[in-house]
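Shown next, in structure tokens, is the structure this report addresses.
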Amino acid sequence: MSVRVRRLSVEHHRESFGIGEPGPRLSWQIETDEQGWKQAAYEIEVADPSGSSTSTGMVESSDSLLIAWPAAELTSRDRRSVRVRVWGALDGDPSAWSDNVLIEAGLMAEADWSAQLVGPDRDLGERPDRPPVLVRRAFEIDGAVDRARLYVSAHGMYAAEMNGRRVGDDVFTPGWTSYHHRLRYRTHDVTHLLRPGANVIGATLADGWYRGRLGFEGGRTEVYGDRTALIAQLEVRYPDGRTQVVSTDDAWRSQAGPVLAASLYDGERYDARRELPGWSAPGFEAAGWLPVDLLDHDPAVLVAPTGPPVRRIETLRPVSVTPAPSGGQLVDFGQNISGRLRIRVCGEAGRTIRLRHAEVLEDGELSLRPLRGADAMDEYTLRGGVADGVVEGVASGGEGQVEVWEPRFTVHGFRYAHLENWPPDQVDGLTRGGVEAVVVHSDLRRTGWFGCSDPLLERLHENVVWSQKGNFVDVPTDCPQ
């Protein structure tokens, strides 16, 4: 007989890293080829990094969902390894142990936070739906690092970087919440991003749901506050036990970046000519950057997330690209999604490509009426440059450097896109990677599938699945457009 414990999980977390529950409950599933097998008992073992362990011993129970935590409560930064084995009603011996699941707690107490809330200098423009701002801080690392954790959140949206590399793979963090009551932070393992000597941590801050336009009939801005801000705490542990903390404080600096505007409704405008190469890496000259402001905040509202983050889940290529009656290219992705476009293009500096989005067509053009007051339009202005190779989807006749761009701080509901001012010699490459639709939603784990003999009924079910994907962008909504 084969009995295996599968999918041991902690609370409802997809990943049990940076959790906020002191006594997380455990669940597991059983895989067996024995007909009618039923669990009669289980044993849970919890071990700490020193090798010490706690075991429940054999517990007579058929329960396997949300079992109470069997060890001492977790405190901030605690790490534990958990495994489970089970017995059947007729089994003399237990199953093999499950794979170990690693658990690490985040910061669980208000006193754990030394970081302050910092906002960009007001001279950089503080009107809603205006340019996202860059913030950065340089620091030194004294030799090899045992482990490093970044605890980070924001008023608005943030995209964090360290030494020129993106931190994490989530988007739209910290998401949509009642920011004054519950501000979710994320925990990132950044050990691999640090280097001995000079280091830099930075972030781009955008309005998001915190300060951007929300609601019907023109909407409202500054629903939760009038300033974007970042709170970040980097904790570095060295092999000899020493610790170093780099937090948001008055040593940080701020500057405008290449994003000219970012709005959940209206889209994102990006001018690649304004990029600051290396701004989040050592060696960048930031003497002209402006100081940040220290803002009031209550660390008691900071909480670890209880659900998965929003991520880029998949990409779709066009099923057709046709000339639009009004000019430009009409792109059909064959599926209504929540997300945005990723483009690969080359051309002269200053060429601005406009990307509009809609769910349906009307008279052969995008139907914009359902968008009400939302522009749902992204703009990308090319930086230009010397050719440095060929990227799939870009015609070999295209002059200049291949530029790859995807907006970061907006999301659209669409099946169709209209591309305006796309280089004529690269239109043929649109179906080969020149443009893709990036599906963006909460990283939910699918637990069920449906199939039958009727293709239309199967399609109906897939429509339901796609509706859930499109409307779970951090919180459930009813219309991603």
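The values are calculated or read from the model by the stated rules, or taken from the named source; none is laboratory data. No experiment lies behind these values; they were computed from the predicted model shown. Glycine also receives a Cβ, built like all others from the backbone with ideal geometry; neighbour counts cover every protein chain displayed. Quick note on the areas: whole protein, heavy atoms, side chains included, nothing else; ligands and nucleic acids left out. Shrake-Rupley method; radii C 1.70, N 1.55, O 1.52, S 1.80 Å.
Observations on the structure shown:
- Test for Thr221: is it touching a residue at least 24 places away in the same chain (Cβ under 8 Å) and within 21 Å of Pro120 (Cα to Cα): yes
Results for (1) charged (D, E, K, R); (2) modelled with pLDDT under 95; (3) at negative phi; (4) buried (at least 17 other Cβ atoms within 10 Å of the Cβ), shown as yes or no for each residue.
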position: Gly339; (1), (2), (3), (4): no, no, no, yes
position: Ile343; (1), (2), (3), (4): no, no, yes, yes
position: Asp363; (1), (2), (3), (4): yes, yes, no, no
position: Ala374; (1), (2), (3), (4): no, yes, yes, yes
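- The set of residues in the range 37-67 being closer than 30 Å to Ala148 by Cα and either among the charged types (D, E, K, R) or exposed (fewer than 15 other Cβ atoms within 10 Å of the Cβ) (or both) consists of Glu45, Asp48, Pro49, Ser50, Gly51, Ser52, Ser53, Thr54, Ser55.
- Close pairs from the range 458-481: first touching a residue at least 40 places away in the same chain (Cβ under 8 Å), partner charged (D, E, K, R), Cβ under 6 Å, at least 6 apart: Gln481/Glu359
- Every test in (1) at pLDDT below 95; (2) open to solvent by 10 Å² or more (accessible area, probe 1.4 Å) is passed by His441 save one, and that test is (1).
- Listed by first and then second residue, the pairs linking a residue in the range 389-414 that is closer than 18 Å to Tyr270 by Cα and of a type in the set (Phe, Trp, Tyr) to a residue that is surrounded by fewer than 18 Cβ atoms within 10 Å (Cβ to Cβ) and modelled with pLDDT of 95 or more, with Cβ atoms under 9 Å apart and 6 or more places separating them unless they lie on different chains, are Trp405/Ala272; Trp405/Arg342.
- Qualifying residue in the range 232-245 (condition: in contact (Cβ under 8 Å) with a residue 40 or more places away in the chain, surrounded by fewer than 21 Cβ atoms within 10 Å (Cβ to Cβ), touching an Asp or Glu at 6+ places or on another chain (Cβ under 7 Å) and assigned to a strand (DSSP E or B)): yes
Quick grid of which residues meet (1) out of contact with any Pro (no Cβ under 8 Å at 6 or more places or on another chain); (2) outside any strand (DSSP E or B); (3) farther than 26 Å from Gly373 by Cα:
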{"site": "Thr173", "(1), (2), (3)": "no, yes, no"}
{"site": "Ser178", "(1), (2), (3)": "yes, yes, no"}
{"site": "Gly202", "(1), (2), (3)": "yes, no, yes"}
{"site": "Tyr210", "(1), (2), (3)": "yes, yes, no"}
{"site": "Phe216", "(1), (2), (3)": "yes, yes, no"}
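- Residue match in the range 149-169 (condition: part of a loop (DSSP other than H, G, I, E, B), among the polar types (S, T, N, Q) and in contact (Cβ under 8 Å) with a residue 60 or more places away in the chain): yes
- Checked against the criterion of being among the polar types (S, T, N, Q), assigned to a loop (DSSP other than H, G, I, E, B) and more than 30 Å from Met108 (Cα to Cα), the range 313-335 has at least one qualifying residue.
- If you go through the range 54-93 and keep only what is of a type in the set (A, V, I, L, M), within 30 Å of Arg237 (Cβ to Cβ) and part of a strand (DSSP E or B), you end up with Val82, Val84.
- Boolean, Ala349 is closer than 24 Å to Arg311 by Cβ, of a type in the set (A, V, I, L, M, F, W, C) and either open to solvent by 10 Å² or more (accessible area, probe 1.4 Å) or assigned to a helix (DSSP H, G or I) (or both): no
- The range 384-407, subset surrounded by 14 or more Cβ atoms within 10 Å (Cβ to Cβ) and at pLDDT 95 or above, residue farthest from the chain's Cα centre (by Cα): Glu403
- Cβ separations smaller than 6 Å between residues 6+ apart or across chains give the following pairs from the range 90-115 residues that are under 25 Å from Glu15 (Cβ atoms) to residues that are in a helix (DSSP H, G or I): Glu110/Pro299; Glu110/Ala300; Trp113/Pro299.
- Selection within the range 235-275 - in contact with a Phe, Trp or Tyr (Cβ under 8 Å, 6 or more places away or on another chain), closer than 24 Å to Gly208 by Cβ and of a type in the set (A, V, I, L, M, F, W, C): Val259, Leu260, Ala262, Leu264, Ala272
- Residue check, Ser9 among the polar types (S, T, N, Q) and more than 30 Å from Leu150 (Cβ to Cβ): no
- Qualifying positions in the range 16-47 - farther than 23 Å from Pro94 by Cα and touching a Lys or Arg at 6+ places or on another chain (Cβ under 8 Å): Gly18
- Here Asn463 meets the list (1) open to solvent by 20 Å² or more (accessible area, probe 1.4 Å); (2) touching a helix residue (DSSP H, G or I) at 6+ places or on another chain (Cβ under 7 Å); (3) outside any loop (DSSP other than H, G, I, E, B) almost entirely, failing just condition (2).
- Of all residues in the range 1-27 being of a type in the set (A, V, I, L, M, F, W, C) and open to solvent by 30 Å² or more (accessible area, probe 1.4 Å), the one that is farthest from the chain's Cα centre (by Cα): Met1
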